[in-house]
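*Asks:* Below you'll find the structure I mean.
Throughout, read-outs are computed from the coordinates displayed, never taken from laboratory work. Please read these numbers as outputs of a predicted model, since none were measured by experiment. With ideal geometry, Cβ positions are generated from the backbone for all residues, glycine too; neighbour counts draw on all protein chains shown.
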Amino acid sequence: MVESGLEADLERLLAARSKLGIALSPDEVRSIVRTLGRLPTDVELYAFDAQWSEHCSYKSSRRHLRKLPVHGPTVLQGPAEDAGIVRLGSWDGHEWGIVIAHESHNHPSQVVPFEGAATGIGGIVRDVLCMGAEVIGLADPLRFGSLDDPHCRYVAQSVVDGIAAYGNAIGVPNLGGDVYIDSSFDDNVLVNVVALGLVRADQIIHSKAPPGSAGYDIVLVGKATDRSGFGGASFSSLTLDDADAEANKGAVQVPDPFLKSVVMRASYRVFAELRARGIEAGFKDLGAGGLCGCSAELVASGGYGAEIDLDRAPTAQPDLPAPVIAIGETQERLCWIVPPEFTPALLAIYNEEFALPRIARGACAAVIGKVTESGRYVARHRGEIVMDVPLGFLVDGVRYNRPYTIALPDAEPTELLLERVRALPPQPAGTLLRAALAHRDVCSRAAIVERYDSVVRGTTAVPAGYADAGVIVPLPGSPLGIALSVDGNPRYGAIDPQRAAELAVIESVRNVAAVGATAAGLTDCLNFGDPTDPKALGAFVAAVDGLAHAGRELGVPYVSGNVSLYNQSKSGRAVAPSPIVACVGTIADVARTTTADLKRGGSALVLLGTPHAALGGSVYAELAGIATPNLAQPDYALIRRELALLGALQDEGLVLAAHDLSDGGLLVAIAEMIFAAARAGAERGAWILDSALWAPALPASVALFAEYGGFVLEVVHADAVRAQAVAYGVEVLHIGETLDRAELVIEPQDERIPVEVLHEAWSAPLRDFYGDAA
């Protein structure tokens, strides 16, 4: 109960929430007042507003995320910190780890697209950096609204430019990502970002105050605090309203990748000095919640408290209000916890050796406080205490068990669906293929991908677009490689979020397997609508169930992730449920990597997969005007055997090219393998057997265009491949052969389509991505 003397003040505070820009609910405000026994100060109010936002607290989602498998022999660091870490392998007498983080920057990118997307890259880079890692790669799964709409096109163009400008400036290669275009994203673009890092297993730095660190210094590093980004965490946890667009722009941070580049390299130097001296430190990035959020989480994770002097935080202008200094989300900042005897060396590295004050006005490293044993967060400004709260209540004080309703579709009887397909007017396969290649979710992404530097640093073995996953070789002289794929189909999510989540996991694992890698870890970014809507939360819960099931069945743990809710407009229009999954894989010998381009004429093409009527959400179903809930049906035991067989065939050198079967189906996959060969400078084609010879129970259009998953392989010694398949209990279907001429031939109909015709259909839709709307 709130004491009667506080009641009137509390009611006035509740009435002023909207004017103050506070997203806390009335019950949350009452809980704060009840626990503190008084009204919160301005700084405390904004601190709780940030820390109790969905973005920071996961208050509606955390209980469901516990279902995800997070343990396994590949895991060095699970999802408890800013980034996860999986084992890469041993080299030069040391065990090495791959650091991976996955985040969203959706709301900021809708309101201020360039800056929102750029600062999304900046934030994910800091998440990886603060684990003591060298940042080595990026990826960017993107979901855009209809490009026929001028504003949606502007948002999409600016997002791509923001990602390119930041990633290229800091010198980190972009290894991939995917792009989907759907009208459900007209009001809420999705900008998810992934970053990879490299760290020695015995040199990991943790995002918490180390044991015995009471009395250690808290050091703020980077850009001087300014007014940008104030209220960003709360803004990212609210439904977007066009009427608030101008006001919301102030909640978006301002990027400075050139400063970040120097901060990264200075931090690498600090890592080396800490290791040389054998000092354990804590390190965390300033993201949502700013200085207060970062330092509070750092000390709370170690079981400590903090005393902060806001006057010692560098600011870009005089007389910034205390809440802005404490909570503002100015970019390019990190926070250290170090022993006092190391502090002079730390300050000298940033301020003198790397001269941060000369890179950006006001940038520096500065001591702003101390770690205490009090378990409280105390902040002073101009000599007065402006914040004094129990840390546990601040960082872990709110959780919800919200009601939800899961409504999953019933499958349509297969025979009924096939009858509807057979009743459609017949069309030549080539005509259907050209339409599928021109589909917004299949067509070439060259206009986007070419904006990114995919080979900077010189470690990229397979750039984006040459294979199903990007591949880098991070250790000079080592054969160890890293593969990365990011996947998630919103057309599937709109039908069945649980199955869509499963298929995202399966596709990401297949993609790293296609290049010859073994899946080591998964991350997830869950993009959904309003969690107070039982149906929207039910879609989220169903997706988590799907992720958990697929991860367990395939034996791949989750090591990092993010939840992004309230992706809907004031009109109630929400994004298609969008579980997006990244898979990082390890390669023992990068010389054995498999790419997607057809290598030579006369090779056998085989299908490693089971054709069935997986037309729900497919490109073919949309083109044909068929609505059906029938998504691909995973047989996990079979998928495990298929992955094992593929690995064995790759190890024996029997696979020349590999490509997973996904958007658009089998014929699209083969066309993409031909296009990849052309990009590699080779003229290739293929002839395909009539599907009646290898999938007689299905209409040709279903066999050729359904999205049932699996792999298309170019193989040598087809008899040896078939023998291996029998040993693994897997059927491989001989579907055709490769040609030394640029033509796709479908036999025995003798349908012949020049590759240049197919390539033009595939290339044209986004060729003018940066031009005016059509």
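*Asks:* Against the longest principal axis of the chain, how steep is helix 497-514, in degrees 0 to 90 to the nearest 10, with axes from Cα atoms?
*Replies:* 70
*Asks:* Within 10 Å, count the other beta carbons around each residue, average over each peptide in 174-180, 388-394, and list them highest first.
*Replies:* Output ranking for 174-180, 388-394: 174-180, 388-394.
*Asks:* What is the fewest-to-most order of S31, S207, S618 by other Cβ atoms lying within 10 Å of their Cβ?
*Replies:* Final ranking by Cβ density, sparse to dense: S31, S207, S618.
*Asks:* How would you order 316-324, 292-300 from highest to lowest mean count of nearby Cβ atoms within 10 Å?
*Replies:* Listed from highest to lowest mean packing, they are 292-300, 316-324.
*Asks:* Also, I was wondering about something else. Show me the ranking of peptides 332-342, 751-761 by mean Cβ neighbours inside 10 Å, starting with the highest.
*Replies:* 332-342, 751-761
*Asks:* Another one. Semi-axes, largest first, in whole Å: what does sqrt of 5 times each Cα gyration tensor eigenvalue give for the range 496-561?
*Replies:* Value: 25, 10, 10 Å, ordered largest first.
*Asks:* Rounded to the nearest 5, what % of DSSP beta bridges with both residues in the chain are antiparallel?
*Replies:* Of those bridges, close to 80 percent are antiparallel.
*Asks:* At a Cα cut-off below 21 Å, give the lysines reachable from K67, other chains included and same-chain residues fewer than 8 away excluded.
*Replies:* K59, K535
*Asks:* Using only Cα atoms, find the angle between the long axis of helix 150-170 and the longest principal axis of the chain, and express it within 0 to 90 degrees, rounded to the nearest 10.
*Replies:* 70
*Asks:* Fewest to most neighbouring Cβ within 10 Å: what's the order for E134, E103, E450?
*Replies:* Details: E134 19, E103 25, E450 12.
The most exposed by this proxy come first: E450, E134, E103.
*Asks:* What value, in deg cm²/dmol to 500, does the helix sum -39500 (n - 2.57) over DSSP H runs of n ≥ 4 give at 222 nm once divided by the residues of the chain?
*Replies:* It comes out at -10500 deg cm²/dmol, rounded to the nearest 500.
*Asks:* Could you work out the relative contact order of the range 595-774, using alpha carbon pairs under 8 angstrom and six or more residues apart, expressed as a whole percent?
*Replies:* Once divided by the residue count of the range 595-774, the mean separation gives 36 percent.
*Asks:* Once you put a point 7 Å from the Cα of E683 and another 7 Å from the Cα of S571, both along the Cβ direction, what distance in nm separates them?
*Replies:* Placing both labels 7 Å beyond Cα along the Cβ direction yields 5.1 nm.
*Asks:* Same structure, new question: Which whole-number percent is the relative contact order of the chain (Cα, under 8 Å, 6+ apart)? Don't skip to the answer; put the middle values down first.
*Replies:* Working: 1902 pairs, mean separation 116.9, N = 774.
Rounded, it is 15 percent for the chain.
*Asks:* If you average the sequence gap of Cα pairs under 8 Å that are 6 or more apart and divide by the length of the range 4-56, what percent do you get for the contact order?
*Replies:* RCO, the range 4-56: 37 percent.
*Asks:* With a 10 Å Cβ neighbour count serving as the proxy for reagent exposure, in which order, fewest first, do W762, W91 appear? Present the calculation step by step, with values, prior to reporting the outcome.
*Replies:* Working: W762 24, W91 16.
Least to most surrounded, the residues fall as W91, W762.
*Asks:* Once the range 4-56 is represented by equal point scatterers at the alpha-carbon sites, with solvent omitted, what log10 I(q)/I(0) does the Debye formula produce at q = 0.15, 0.21, 0.24 Å⁻¹?
*Replies:* Ignoring solvent entirely, the Cα scatterers give -0.36, -0.71, -0.93.
*Asks:* Related question: Can you tell me the 0 to 90 degree angle between the C-alpha axis of helix 113-129 and the longest principal axis of the chain, rounded to 10?
*Replies:* The helix 113-129 is inclined about 80 degrees to the chain.
*Asks:* Moving on to the next point. How many percent of Cα pairs in the range 295-390 exceed 23 Å?
*Replies:* Everything past 23 Å amounts to 28 percent.
*Asks:* Out of every Cα pair in the range 595-774, what percent are spaced more than 25 Å from each other?
*Replies:* I get 34 percent for the Cα pairs in the range 595-774 exceeding 25 Å.
*Asks:* Which lysines, if any, have their Cα less than 27 Å from the Cα of K260, not counting same-chain residues under 8 positions apart?
*Replies:* K208, K223, K249, K284, K370
*Asks:* What is the calculated FRET efficiency for A411 to A764, with r their C-beta to C-beta distance and R₀ = 41 Å, to the nearest 0.05?
*Replies:* After rounding to 0.05, the efficiency reads 0.70.
*Asks:* Quick check: residue separation of D202 and R34 times 0.36 nm, minus the Cα distance between them. What number comes out in nm?
*Replies:* Length gained, D202 through R34: 56.0 nm.
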